[in-house]
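Participant: Questions regarding the structure given below will be posed in turn.
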Amino acid sequence: MSLNTFGHLFRVTTWGESHGPAIGCTVDGCPPGITLSEADLQPWLDRRKPGQNKFTTQRKEPDEVRILSGIYEGVTTGTPLQLMIENTDQRSKDYGDIAASFRPGHADITYHQKYGVRDPRGGGRSSARETASRVAAGGVARKVLAAMLPDLAISGYMVQMGPRGIDRARFDASTIDDNPFWCPDPIAAAEWAEYLDALRLAHNSVGAVIEVCANGVPAGLGAPLYGKLDSDLAAAMMSINAVKAVEIGDGMAAASLTGVENADEIRMGPEGPVFLSNHAGGILGGISSGQPVVVRIGVKPTSSILTPRQTIRVNGEEIDLITKGRHDPCVGIRAVPVAEAMMACVLLDHLLLDRGQTGGVRGIIGQA
């Protein structure tokens with residue numbers, strides 16, 4: 001299978017399958033001289049790993065990352081980093097009965113139609129397990145960004161579960177880590193817990209909307225037309241398993257606004273331009289404006305459920321299928337650290353691209 005690499009200068013290639021011996025990634029283009037160890041990456045993987053509460057898959061994976069190359073005496077050398085995460089809790093027998101069947105909502109049928117062969121164990125390459133590799137790469141990107149842009153902060157959180165959204169008036173960033181949903185609204189989080197528990201017990205699942213905000217992004221990242229920062233962010237987010245929609249700033253809601261409402265007006269502040277709103281999500285003409293970069297992703301419901309669904313087998317036989325195994329009732333929960341990782345990778349990639357083209361030089365505003 002080709003096209004397993006993303007990024008321009010900071011390039012990440014992921015490899016491995018859900019039930020293979022290991023998964024991992026090769027990170028190329030990491031600047032030299034960055035202090036880096038497994039301990040820098042592990043906290044991000046711990047946020048994503050399964051089995052942490054009853055609302056995520058009960059597959060027990062420690063997700064311990066090993067750095068196999070690209071480090072000498074504790075710092076990056078500028079050569080490729082090879083990161084590996086062993087799989088330790090595969091239950092491939094759960095998938096024996098469906099090896100010749102196509103699970104509705106999964107990539108089984110399209111993988112078969114394209115390649116004529118597929119790994120049915122946990123979805124193989126199409127499994128959300130692949131996202132652990134992205135989180136490891138995102139940990140590398142965060143470490144480099146901390147050295148190059150110390151004021152940058154990336155935060156992801158869930159703003160909607162199924163039809164139930166948060167109340168923005170109750171938004172409290174300090175509560176994001178206090179509940180299993182990365183929710184900034186503690187009242188909504190409590191309601192979601194009851195809602196999702198009922199769905200889980202009913203052998204059902206639900207989708208979610210995740211928002212990722214990057215504060216401290218400097219103006220000037222991205223390029224016109226075919227090098228847009230928002231284009232690369234959209235592609236990166238859409239490549240995450242189960243993501244079906246991406247919005248930048250107001251996104252689809254901007255289509256219902258007038259020009260007067262949508263324009264982010266500007267005034268001059270003591271340290272430069274000040275925007276009076278952020279409908280654009282921190283990106284204008286494909287280039288960061290210096291405002292917070294805001295991205296939202298829509299994650300579909302987990303397709304693997306214990307409720308019978310109509311499908312077919314490879315031989316064309318029509319059947320009703322129950323997907324056994326250990327699955328997330330809301331896969332959007334563990335998509336939060338994945339989306340953060342993709343934001344970090346794209347921002348670092350564009351920071352390196354910008355320095356290569358402009359050297360970080362910026363147009364001056366407010367001086368005669």
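The values are calculated or read from the model by the stated rules, or taken from the named source; none is laboratory data. On a predicted model such as this, the values are computed, not experimentally measured, just so you know. Please note: Cβ atoms are built from the backbone with ideal geometry, for glycine as well, and neighbour counts cover all protein chains shown. Each accessible area value is taken on the protein alone, full model and side chains, heavy atoms only, with ligands, DNA and RNA left out. Shrake-Rupley method; radii C 1.70, N 1.55, O 1.52, S 1.80 Å.
Participant: Mind listing whichever residues of the range 295-321 are part of a strand (DSSP E or B) and surrounded by 12 or more Cβ atoms within 10 Å (Cβ to Cβ)? Before you say what the answer is, go through the steps one by one.
Facilitator: Filtering the range 295-321 for residues part of a strand (DSSP E or B) gives 295-299, 309-313, 318-321.
Answer for the range 295-321, where residues must be part of a strand (DSSP E or B) and surrounded by 12 or more Cβ atoms within 10 Å (Cβ to Cβ): Val295, Arg296, Ile297, Gly298, Val299, Arg309, Thr311, Ile312, Arg313, Ile319, Leu321.
Participant: If I ask for residues that are within 15 Å of the chain's Cα centre (by Cα), within 25 Å of Ser205 (Cα to Cα) and not polar (S, T, N, Q), which ones from the range 123-158 would you list?
Facilitator: Ala128, Arg129, Glu130, Ala132, Arg134, Val135, Gly156, Tyr157, Met158
Participant: Check His279 against each of (1) open to solvent by less than 60 Å² (accessible area, probe 1.4 Å); (2) part of a strand (DSSP E or B); (3) farther than 24 Å from His106 by Cα and name the one condition it does not meet.
Facilitator: Among (1) open to solvent by less than 60 Å² (accessible area, probe 1.4 Å); (2) part of a strand (DSSP E or B); (3) farther than 24 Å from His106 by Cα, the lone unmet condition for His279 is (2).
Participant: Are any residues in the range 330-359 part of a loop (DSSP other than H, G, I, E, B) and touching a helix residue (DSSP H, G or I) at 6+ places or on another chain (Cβ under 7 Å), and if so, which ones?
Facilitator: Our first condition is that a residue be part of a loop (DSSP other than H, G, I, E, B); within the range 330-359, this holds for 330-331, 359.
Hits for the range 330-359 are Cys330, Val331.
Participant: State which residue is nearest to the chain's Cα centre (by Cα) when the search covers only the range 184-233 and only residues that are closer than 22 Å to Val294 by Cβ and without any contact (Cβ under 8 Å) to a residue 40 or more places away in the chain.
Facilitator: Only one residue fits best here, namely Pro184.
Participant: Could you tell me how many of the residues in the range 107-126 are crowded, with 20+ Cβ neighbours inside 10 Å and either in contact with a strand residue (DSSP E or B) (Cβ under 6 Å, 6 or more places away or on another chain) or in a loop (DSSP other than H, G, I, E, B) (or both)?
Facilitator: Residues that pass the stated criteria total 2.
Participant: Looking at the range 76-86, is at least one residue out of contact with any Cys (no Cβ under 9 Å at 6 or more places or on another chain) and modelled with pLDDT under 95?
Facilitator: There is at least one residue in the range 76-86 that is out of contact with any Cys (no Cβ under 9 Å at 6 or more places or on another chain) and modelled with pLDDT under 95.
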